[in-house]
1. Check whether at least one residue in the stretch 104-121 is closer than 30 Å to I54 by Cβ and within 14 Å of the chain's Cα centre (by Cα), and report yes or no.
2. Name the strands (runs of 3 or more DSSP E) wholly inside the stretch 1-47 in which the number of residues that are in the same structural domain as T69 (by TED's automatic domain parsing), touching a residue at least 40 places away in the same chain (Cβ under 8 Å) and surrounded by 14 or more Cβ atoms within 10 Å (Cβ to Cβ) is 1 or more.
3. So, T181, is that one at pLDDT below 90 and not assigned by TED's automatic domain parsing to the domain that holds K304 or not?
4. Out of curiosity, is R103 more than 24 Å from D322 (Cβ to Cβ), in a helix (DSSP H, G or I) and basic (K, R)?
5. Run H175 past the list (1) more than 30 Å from E239 (Cα to Cα); (2) under 18 Å from the mean Cα position of the chain (by Cα); (3) in a helix (DSSP H, G or I) and report the number of the one that doesn't hold.
6. What do you reckon, is L255 closer than 30 Å to R312 by Cβ, in contact (Cβ under 8 Å) with a residue 12 or more places away in the chain and touching a Phe, Trp or Tyr at 6+ places or on another chain (Cβ under 6 Å)?
7. When you check Y201 against the structure, is it within 31 Å of the chain's Cα centre (by Cα), surrounded by 12 or more Cβ atoms within 10 Å (Cβ to Cβ), without any contact (Cβ under 8 Å) to a residue 12 or more places away in the chain and more than 30 Å from R143 (Cβ to Cβ), yes or no?
Amino acid sequence: MTKITKRSVDAAGVGEKEFFIWDDELKGFGLRVYPSGRKMYLAQFRAGGRLRRINIGLHGALTPDLARTEAMKHLSQVRLGGNPANDRDQRKSSPVMKDFGKRFLADYVALHCKPSTYREYRRSVEMFINPKLGSHRIIDITRADVVELHQSMKNIPYQANRTLGVLSVMFNVAHTWGVRTDGVNPCWKVKRYKEVKRERYLTQDELARLGKVLREAHEEPEAANCIRLLLLTGCRLGEIQTLKWDYVDLGAGALRLPDSKTGAKLVPIGKAAIDALKSISKVTNNPYVITGKVEGQHLTDMQKPWRRLRKRAGLEGLRIHDLRHSFASDALQLGQDLTMIGKLLGHTQVQTTARYAHLKTDPIRSAADTVSDAIALALARPVVASKSGDAQTAALG
């Protein structure tokens with residue numbers, strides 16, 4: 001044993017086999033000399049009943065003094081109950097984000113989420129997360145890395161927030177699986193961009209124009225049937241696209257959906273929706289109401305036909321989901337309360353339904369007219385002098 005200094009390290013000759021030189025001042029600090037002449041500083045310690053070694057760095061890249069300082073850090077960690085060798089092994093075994101993303105999609109999302117959710121998650125992973133973080137080990141990702149990714153997407157704030165949500169779930173799953181054990185989700189407290197809900201409804205004139213287009217859509221009747229049912233039921237697009245005849249109970253006036261965004265649900269439908277369903281011909285060997293071009297399958301792409309239909313109706317910019325908004329706002333204008341509308345739409349929380357309350361302001365404007373007219377009438381009445389000479393005005397109304 002000798003004190004490891006630049007002189008002693010340079011003087012260490014090369015043998016046929018590797019050998020060690022141990023420092024006589026810092027127990028556990030050593031130098032490994034390889035037959036090739038390469039010299040590696042290391043720290044040796046016992047942890048968990050096993051003798052462990054951890055490389056610090058090559059002589060030349062590190063001076064003996066810097067290597068000694070690093071060795072002291074590792075050995076101090078051992079005295080405090082840590083195990084730097086385990087930390088090293090864990091880092092080596094930590095997957096890069098791209099590989100973890102594949103496992104996350106296959107072993108978690110595909111098993112626990114709906115197919116539509118799987119597609120959204122895969123899009124976020126492959127298009128946004130992998131290009132920025134794919135080559136990073138998951139154990140090395142910091143909040144700064146997540147913030148940088150989120151800020152790089154500021155021009156698409158909605159997608160940025162969706163991607164941040166996917167990334168947060170990925171880290172939660174990584175902790176559950178033991179891939180990351182620090183207990184820290186680097187997405188925590190990363191501020192999301194403000195989102196302004198886009199809400200749109202159809203006026204009576206717009207409904208009339210769309211109705212005319214649907215009646216004349218002879219070249220794509222399935223798409224027209226889909227839009228018509230969306231308007232008359234308030235259902236989500238996926239619920240109508242994948243609607244099977246087995247789910248339709250015309251006698252009870254309901255759609256019995258075994259699966260939806262909020263789980264299995266019963267959708268009450270009115271006479272107009274029932275008539276629309278009766279007008280649709282069943283296709284042999286196809287269980288779906290809205291059939292596609294592939295035998296036995298439903299219509300999978302509604303966006304392209306919808307763009308064509310809305311253009312003919314002069315409704316460019318109107319989204320398919322806005323038809324659901326219209327159903328809700330029409331129900332409000334007709335006097336239905338939020339609880340009832342929530343049941344029609346399949347909402348599990350009344351707060352979700354409440355966002356539709358302000359879409360149509362006609363009843364509110366009518367009430368405002370009534371109140372303001374009464375006040376204006378009182379303001380216009382002449383002042384009547386009392387016997388005592390005090391002025392008083394007629395009471396409102």
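The values are calculated or read from the model by the stated rules, or taken from the named source; none is laboratory data. Only a predicted model underlies this, so the values are computations on that prediction, with no experimental measurement involved. Glycine gets a Cβ as well: all are built from the backbone with ideal geometry, and neighbour counts include every protein chain shown.
1. No, because not a single residue in the stretch 104-121 is closer than 30 Å to I54 by Cβ and within 14 Å of the chain's Cα centre (by Cα).
2. Of the strands (runs of 3 or more DSSP E) lying wholly inside the stretch 1-47, those with at least 1 residues that are in the same structural domain as T69 (by TED's automatic domain parsing), touching a residue at least 40 places away in the same chain (Cβ under 8 Å) and surrounded by 14 or more Cβ atoms within 10 Å (Cβ to Cβ) span 29-33, 39-47.
3. Taking the combined requirement at face value, the residue satisfies it.
4. yes
5. In the conditions (1) more than 30 Å from E239 (Cα to Cα); (2) under 18 Å from the mean Cα position of the chain (by Cα); (3) in a helix (DSSP H, G or I), H175 misses (2) alone.
6. yes
7. Considered against the rule, which asks whether it is within 31 Å of the chain's Cα centre (by Cα), surrounded by 12 or more Cβ atoms within 10 Å (Cβ to Cβ), without any contact (Cβ under 8 Å) to a residue 12 or more places away in the chain and more than 30 Å from R143 (Cβ to Cβ), Y201 comes out as no.
Every residue, every condition in (1) at pLDDT 90 or above; (2) surrounded by 11 or more Cβ atoms within 10 Å (Cβ to Cβ); (3) part of a loop (DSSP other than H, G, I, E, B), yes or no:
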position: K261; (1), (2), (3): no, yes, yes
position: A276; (1), (2), (3): yes, yes, no
position: V283; (1), (2), (3): yes, yes, yes
position: K304; (1), (2), (3): yes, no, no
position: R308; (1), (2), (3): yes, yes, no
position: K311; (1), (2), (3): yes, yes, no
position: L323; (1), (2), (3): no, yes, no
position: A331; (1), (2), (3): no, yes, no
